[in-house]
Each structure stands twice: as C-alpha cells, then as structure tokens.
Amino acid sequence: MSSRLVWTGLLVLVAISLLLACAWGSAGWVWPWTADEAMQRVVFELRLPRAIAALTTGSLLAVAGCLMQVLLRNPLADPYVLGISGGAAVFALLGMTLGLSFLPVPLLAFTGALLTMVAVFVLGRGSGPWSTTRVLLTGVVLAAGWGALISLILALGPDASLRSMLFWLMGDLSYAQLSAWWLLPLLLGLGALWLRARSLNVLAGGQMQAALLGESSRERFWEIYLIASLLTALAVSIAGAVGFVGLIVPHLMRLVVGADHRRLLPAAALFGGAFLVVADTLARSAFGARQLPVGVLTALIGVPLFLLLLHRAVRIR
C-alpha cells in the first residue's frame with residue numbers, strides 16, 4: 001500500500017468521523033447545511049465541539065500509548081494499564097471534591113500523571129537491573145491502588161455529583177468545551193516527538209543498541225516521560241479515564257505504516273482521534289436518549305480487538 005494512499009485514507013477517515021458526529025444524533029440524521037437555525041446551533045455549538053474534543057483526546061492517548069510502548073518495549077504498555085490515567089484522575093477528582101477551584105484541572109491531572117509515572121519506574125526498577133516486566137507489573141498494581149482511592153473518593157463525595165463523577169471516570173465527553181489550549185500542546189508535542197523520531201526508533205531497540213549508536217537513553221527517557229505525562233494529563237482533563245485507545249491504536253498503525261515513528265506517531269494521532277470520535281458518536285446516539293460513557297464503548301471494542309491481535313501475533317511466531 002502506497003504511503004500517499006495511507007495518509008489520504010487517514011485524513012478521509014477523520015473527515016468522515018467528524019461529519020458523522022455532526023450529522024447523527026439520537027433522533028436520526030440531520031445535515032447541518034439543510035437544517036433549521038435551531039438544529040444548526042445544536043450541531044455547531046454542541047456536537048462539533050464535542051467531536052473536536054474526542055478527536056483531540058483520542059490523538060493524545062494514541063501518541064502517549066506509542067511512547068509508553070517505546071519506553072518499556074512491551075506491547076501491553078499504555079497510560080491506562082500503567083496507572084497513569086488513574087493517577088491523573090485521582091488528583092483531578094480530589095481537586096473537584098475539595099473545591100480547589102484555584103488549581104486548574106489539567107494542572108492537577110498532570111501532577112498525578114507525573115507522580116505515577118515516576119513511582120512506576122522508580123519502584124519497578126528497584127535495586128536490581130532494569131526489567132520491563134517488573135515495571136509493567138508495578139504499573140498494574142499502582143493502577144489497582146488508584147482505583148481503590150477513586151472508590152473511596154466517590155464513597156465520601158457529595159451524592160449530588162456522584163453520577164457525573166462516575167461518568168467522567170469511565171470516560172465522558174458530555175461537558176467538554178472547545179478550547180484552543182488543547183491543540184497547542186498536542187501540536188507542540190507531536191512536533192517535538194517527530195524531531196526525536198530517530199531517537200525513538202533507536203530506543204525501541206533497547207538500551208544497549210542506544211548506547212552503541214551514541215544515544216543518551218537516560219536523557220531521552222526522561223524527555224519521553226514528561227511528554228507522555230503531559231499528553232495523558234490533557235486527555236484525562238478533557239474526557240476522564242478512557243481506556244484501550246493507547247493500547248490498540250499503536251498496534252493497528254504499526255500493521256499499516258510500520259514501526260518508524262516518523263510515520264507511526266502522526267498516523268496514530270489521526271486514527272486514534274477518528275476512532276474516539278466514532279466511539280463517542282455511538283455512545284451518545286446508538287441507544288436513543290440514554291447516553292453511555294465513551295470509555296465503556298472503547299473497552300467493549302478494544303478488548304476483543306486486542307485479543308485478536310494477540311492471537312495473530314502468537315500464530316505468526
């Protein structure tokens with residue numbers, strides 16, 4: 001498959017997903033250019049901002065998943081599995097519950113994501129040699145711990161906001177508002193990562209290969225830690241803890257564009273965004289007036305898809 005065809009297909013997929021999000025609702029299809037004034041306001045003031053929020057969140061999570069898999073050289077690594085999304089969610093929920101309005105939610109989420117990532121790699125490494133398996137298991141245990149803290153916060157929190165907090169934790173874009181600051185960190189992060197694509201390709205081969213090729217793995221690791229934390233925190237602050245996007249999308253895009261991060265990162269950003277836009281459209285429209293959290297739908301899609309990819313990989317070996 002030619003490179004031009006792949007990129008054209010991804011851009012068309014993004015455009016179709018946005019059109020679907022704007023035109024399809026629980027009451028059926030409405031085309032913005034033929035709708036009345038009231039319906040146009042619904043499309044351009046509610047549906048389009050929500051679709052752009054989903055596009056941004058999916059891109060953030062997909063790129064963060066690529067970075068996690070480079071760091072650990074493990075296909076199971078992603079912000080959700082490693083507990084980074086959980087840490088960001090706990091700090092954001094504490095800010096909401098305690099009424100810390102002077103601290104913005106993205107800052108709280110970034111703090112939780114960064115502390116979780118540092119804890120995962122410090123505790124996972126321990127005093128022995130570097131082990132990606134131990135780091136991954138540490139992340140899974142921390143994710144369970146954050147889950148327990150989230151349950152405690154919900155149990156002690158006010159009943160009036162319990163439903164909205166639960167939806168936000170499962171991944172919810174109902175209250176997402178369009179903001180320019182979403183796109184700026186995403187574009188800056190993608191630009192910085194694209195410039196570091198060679199380093200990412202080298203690090204994916206392991207620390208020994210990086211040392212042989214003159215790459216400072218320690219410095220690059222910390223750069224990737226910070227960028228992955230920022231991307232995850234932004235995604236959590238927009239839509240809550242959405243799982244499986246950062247796990248599934250990098251796998252699918254490696255099958256399409258290969259493992260070179262100069263192509264993988266932008267492809268994952270485009271496909272991850274389109275995937276979450278479609279998932280959110282289904283979550284808010286496919287069940288009539290009742291809306292589902294988008295994280296429920298991504299899990300229902302992601303689990304069997306990941307099992308299929310895992311089975312395919314085992315057969316190839």
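Every number here is computed from the coordinates shown, using simple stated rules; none is lab data. Fair warning: this is a prediction, and the values are worked out from it, not measured in the lab. Glycine gets a Cβ as well: all are built from the backbone with ideal geometry, and neighbour counts include every protein chain shown.
In nm, give the distance between the simple-model label positions of Leu107 and Leu48, each being 7 Å from the Cα along the Cα-to-Cβ direction.
Inter-label distance under the simple model: 3.2 nm.
Using a Förster distance of 35 angstrom, determine the FRET efficiency expected from the C-beta separation of Thr97 and Leu226, and round it to 0.05.
0.80
Under 5 Å between amide hydrogens, which residues at least 5 positions from Val242 or on another chain qualify, with H placed 1.01 Å from N in the peptide plane?
none
Testing the spin-label approximation: label points 7 Å from Cα along Cα→Cβ at Arg262 and Leu195. State their distance in nm.
In this crude spin-label approximation the distance works out to 1.6 nm.
Which of the three applies to region 11-115, rounded, prolate or oblate, going by the alpha-carbon gyration tensor with a ≥ b ≥ c and a/c under 1.5 meaning rounded?
It is oblate, given that a/c is not under 1.5 and a/b is not larger than b/c.
So who's got an amide H within less than 5 Å of the one on Leu173, skipping anything under 5 residues away but keeping other chains? H placed 1.01 Å off N, in plane.
Sorted by chain and number, the residues that satisfy this are Val294.
Using Stokes-Einstein with the Kirkwood hydrodynamic radius over Cα pairs, what translational diffusion coefficient do you get for region 3-316 at 20 °C and a viscosity of 1.002 mPa s, in µm²/s rounded to a whole number?
107 µm²/s
Name the long-range amide H neighbours of Gly25: under 5 Å, sequence gap of 5 or more, or other chain; modelled H, no Pro or chain starts.
So Gly25 has HN proximity to Val30.
Please give the contour-minus-distance gain from Arg41 to Ala289: 0.36 nm per residue of separation, less the Cα-Cα distance, rounded to one decimal in nm.
Gain in length upon complete extension: 87.4 nm.
Based only on other Cβ atoms within 10 Å, what is the fewest-to-most ordering of Phe306, Phe275, Phe244, Phe44?
Phe44, Phe306, Phe244, Phe275
Kindly put Trp168, Trp222 in sequence by how many other C-beta atoms sit within 10 Å of each C-beta, fewest to most.
On the way: Trp168 23, Trp222 13.
Neighbour counts put them in this order, fewest first: Trp222, Trp168.
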